[in-house]
Amino acid sequence: MSGRVALGLFSGGLDSILACRVVADQGVRVVALKFVTPFFDHDLLADKGGYAAAMRRKYGLEVEVIDISEGYLRLLEHPAHGFGKHFNPCIDCKILMLTRARELMAAYGASFLLTGEVLGQRPMSQRRDTLRVIERDSGCTDLLLRPLCAKLLPPILAERQGLVDRERLYNFSGRGRKDQQRLAARLGITDYPTPAGGCLLTDPNLAVRIKHFYQGLFSFGGQRAVDDIRLLTAGRQFRLDDDTWFILGRNEQENNRLLALRGPDDWLLHMTSRPGPLGLLRHAGTTLAGTERQEAVIRRLAGLVVRFGRKEQGAIPAAEVWIDKGDGGEQGVFAPLADDEFAAWRI
């Protein structure tokens, strides 16, 4: 039975590691698909090869990183199965990933798909009825193997054809993890992530920001660019009016991230006289440049930069701020804003 190939959904968590290994250990070539979006693991796109090498070294798995950001941003507009507790469309998320995996089957010569789902582990997306809905709506009926709970589900085509041995699959269920931990030990897998909510859409604070963005937080929000979403997850966020979006880095790492995410019409603000945050004014070249309110807005935002800069002897003195407009800039000395002046601007 050589030449057997399966595509697996690979989150990088223990369940997906085990599911891929269980099938791979039956002699099937498993290509683990690591889908990324601005809401989870997007940074892996910067070093896909390095991540793949690490997963092969640690778990003996063949992993490919695939960006599904554009489709995911559209999905959030109207998920057919609604949202979870926050802004997380868990059922439609799984349907999107499985649909994409199914579309890739021919390219890899794959006969079936697999996931690390465990019956009853998640109250929204891993109920028995929901598992069937996911299969149906992704077009994966009879194609999708769930190795960790397969013995609790009807056999799929690959099992009936003998591509995988059902007796070497499992009957895990519920939210406990002892079965998975024992299996990991038997497979020699010791270095794996602890359970954690890796999706930003399940974070109560970030989910509110993203939801408001989709509801028209800014007048240009309809663009829903990937980098706009990534900016929502960074720094201190401020909204002065419908099209004035300002982000302040909270540390050097966030300053560097804002610099990397700067768009062609974004302006940057930073102090020249002492350490402090980098501020990014989104789409300023389009929405602010040359308007009557430009001077007033810059004065307020520069005051914010100064307010969050490093103190000197316990005080926050005025400071020189450079406004980088891309093709030039200006500078001036600005006093820090009082906290009550910008409290209403926080996102």
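The values are calculated or read from the model by the stated rules, or taken from the named source; none is laboratory data. Quick caveat, the model's predicted, so the values are computed rather than measured. Note that each Cβ is placed from the backbone with ideal geometry, even for glycine, and that neighbours are counted across all protein chains shown.
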Task: So Gly84, is it over 23 Å from Arg166 (Cβ atoms), out of contact with any His (no Cβ under 9 Å at 6 or more places or on another chain) and either in the same structural domain as Ala234 (by TED's automatic domain parsing) or part of a loop (DSSP other than H, G, I, E, B) (or both) - done: yes
TODO: Of all residues in the range 200-217, count the ones that are touching a residue at least 24 places away in the same chain (Cβ under 8 Å), assigned to a loop (DSSP other than H, G, I, E, B) and within 12 Å of Leu76 (Cα to Cα).
DONE: 0
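Does the range 252-293 hold any residues that are of a type in the set (Gly, Ala, Ser), under 16 Å from Glu330 (Cα atoms) and touching a strand residue (DSSP E or B) at 6+ places or on another chain (Cβ under 9 Å), and which are they? Give the derivation first.
As a first pass, look at the range 252-293 and keep what is of a type in the set (Gly, Ala, Ser): 260, 263, 273, 276, 279, 284-285, 289-290.
Those still in the list that are under 16 Å from Glu330 (Cα atoms) too: 273, 279, 284-285, 289-290.
Within the range 252-293, Ser273, Gly279, Ala284, Gly285, Ala289 meet the criteria.
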- [ ] Go through the range 40-73 residue by residue and tally those that are surrounded by fewer than 16 Cβ atoms within 10 Å (Cβ to Cβ) and touching a residue at least 40 places away in the same chain (Cβ under 8 Å).
- [x] 2
Open item on the list: Tell me the residue from Glu117, Glu135 that is crowded, with 19+ Cβ neighbours inside 10 Å and either in contact with a strand residue (DSSP E or B) (Cβ under 6 Å, 6 or more places away or on another chain) or assigned to a strand (DSSP E or B) (or both), please.
Closed with: Glu135
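Could you list, in sequence order, all residues of the range 7-38 that are touching a residue at least 40 places away in the same chain (Cβ under 8 Å) and closer than 25 Å to Glu70 by Cα?
Within the range 7-38, the subset touching a residue at least 40 places away in the same chain (Cβ under 8 Å) is 7-23, 25-26, 28, 30-31, 33, 35, 38.
Residues satisfying the conditions are Leu7, Gly8, Leu9, Phe10, Ser11, Gly12, Gly13, Ser16, Val31, Leu33, Phe35, Pro38.
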Open item on the list: Please go through the range 112-145 and give me each residue that is small (Gly, Ala, Ser) and touching a helix residue (DSSP H, G or I) at 6+ places or on another chain (Cβ under 7 Å), ordered by number.
Closed with: Gly116, Ser125, Ser138, Gly139
Open item on the list: Please count how many residues of the range 55-72 are part of a helix (DSSP H, G or I) and within 16 Å of Val30 (Cα to Cα).
Closed with: 5
